[in-house]
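Read through the structure below, which is laid out as structure tokens, and then see the notes.
Please treat every number below as a calculation from the coordinates, not as lab data. Model, not experiment: these values are computed from the prediction. Reconstructed Cβ throughout: ideal geometry from the backbone, glycine too, with neighbour counts over all protein chains shown.
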Amino acid sequence: MNINTKLLHGYSVIDKETGAASIPKYQTSTFHQDDVFHHTGYNYTRFGNPTITAVEECIASLENASYGLAFSSGMAAINSVLFMLSQGDHLILGKNIYGGTYHIVTEFLTRFGVEHTFVDESDVSAWENAIRPNTKLFYLETPSNPLLTITDLKAVCHLAKKHGILTACDNTFMTPIHQQPLDFGVDIVIHSATKFINGHSDILAGLIATNDEDLYLTLKKHQKALGSILGVEDAWLLLRGVKTMGLRMKQSVKNAAKIADFLSNHDEIKSVYYPGLTSHPQADIHQAQTQSGGAVLSFELSCEDKVADFFNKCQIPIVAVSLGGVESILSYPWTMSHACMPEEERIKMGVTSTLIRLSCGIEDCNDLISDLENALK
Ligand SMILES: Cc1ncc(COP(=O)(O)O)c(C=O)c1O
């Protein structure tokens, strides 16, 4: 089944009890047992719920995985993976990483005695050189947030397997429509489904997909013990949102490619970061693992003094920290998604005070380009 059909038919989309064409909200915390020794398969919503099961089947289906898990946010999913590490373990991550992940690794994991090394994610030898005898996990994000740097999934996973190291990949930016990391050897795929998968900027959700039963059982245990399962209402909204992801992504990606082109040729723009541009330094690697440049791009204005004015003059995109909505979202990583990083770390990774991130929505592209053009003027 093609993924666009899977979005509508590739998991439990019809309620088994009633035939309802939309999985109902099983809005309950607990389930009555006729027999004290047996239950229906569900007994307490923190352990599982039919609406949430449909979401879990959905992500497994979309990522070609055997198992799926749904969490209360992308960070909850990330934390459930990082919770597999123990005191004395070592973790390697790309230096261009979502600010929340950076925060949890540097501030919390260090407190629990877990060591980490940040590497240039685009350099396979940097991953290799950072390996220590206690390295347990490679944590990848490709394209990275917000600079859209690319990691070679196949090469890095091959390296990890050679050394018996687990791999986890945040696939939020590409979505399963455009990139399926399990096919390249990744062990665990993570999503902030708050973004494109739900697509309507109205819930928080995180998802995980894996083919490994032991990993699934461990992560399921973490979901249960940390109390980080997705809420029923949000699961229902996600099931509604995901059905249109194919169409939404098609339009958003088309808009992003045109806007990247437009910005690349504008005098007020110092640089554009978009893996769909042939000028992107890792365009070839990106093309080998996905055919799409995605719907997010970043760019640098010619000087910091113009930043506030630019944001004020843009009329169409909302200005917000998130991405992946049907509406275009303009954000300023310097004070938003990456504000929790020390200033020198932000600058070292390339998150400067002139960097702006645009998540393209499904608006008419000509309107978006005119709006950006006016603001740049
Ligand atoms: C790439 C990436 N991963 C994870 C997250 C965290 O997701 P959530 O906000 O749903 O916890 C974000 C949030 O912006 C993100 O951009």
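Per-residue Cβ neighbour counts within 10 Å put Glu121, Glu57, Glu141 in the sequence Glu57, Glu141, Glu121, beginning with the fewest. Ser337 sits among other residues whose Cβ lies under 11 Å from its own Cβ, and their net charge, with Lys and Arg +1 and Asp and Glu -1, is +2. Ordering Val156, Phe118, Asn374 by Cα displacement along the dipole of the chain toward the positive end leaves Val156 in first place; charges were set at the Cβ atoms of Lys, Arg (+1) and Asp, Glu (-1).
Derived value for the stretch 258-377: Kirkwood hydrodynamic radius 14.8 Å. Basis is the mean of 1/r over every pair of different alpha-carbon atoms. Which net charge results for the neighbourhood of Glu56, defined as the other residues with beta-carbon distances under 12 angstrom from its beta-carbon, given Lys and Arg at +1 and Asp and Glu at -1? Around Glu56, the charge tally is -1.
Per-residue extension of 0.36 nm, minus the Cα-Cα distance of Ser86 and Lys313, leaves a gain of 76.8 nm for this segment. Spin-label model, His158 to Asp284: label points 7 Å out along the Cα-to-beta-carbon direction sit 1.4 nm apart. Once C-alpha pairs closer than 8 Å and six or more residues apart are averaged by separation and normalised to the residue number of the stretch 3-242, the relative contact order reads 25 percent.
Apply the a/c threshold of 1.5 to the C-alpha gyration tensor of the chain and tell me whether it is rounded, prolate or oblate. Because a/c hits 1.5 or more and a/b fails to exceed b/c, the chain counts as oblate. Projecting the Cα atoms of Ile188, Thr354, Pro146 onto the charge dipole of the chain, computed from C-beta unit charges around the Cα centre, puts Ile188 farthest toward the positive end.
In order along the stretch 110-117, the phi-based Karplus estimate (6.51 cos²θ - 1.76 cosθ + 1.60, θ = phi - 60°) of 3J(HN,Hα) comes to 4, 4, 8, x, 9, 8, 9, 9 Hz; Gly and Pro are listed as x. For the chain, the longest principal axis of the alpha carbon atoms and the long axis of helix 245-264 meet at an angle near 20°. Here the chain is assigned +1 on the Cβ of each Lys and Arg and -1 on the Cβ of each Asp and Glu. Its dipole about the Cα centre then comes out at about 420 debye. Other residues within the sphere of radius under 15 Å centred on the Cβ of Ser144, judged by their own Cβ, net out at -2 (K and R +1, D and E -1). Available extension along the chain between Asn374 and Ala20 is 122.6 nm, counting 0.36 nm per residue and deducting the alpha carbon span.
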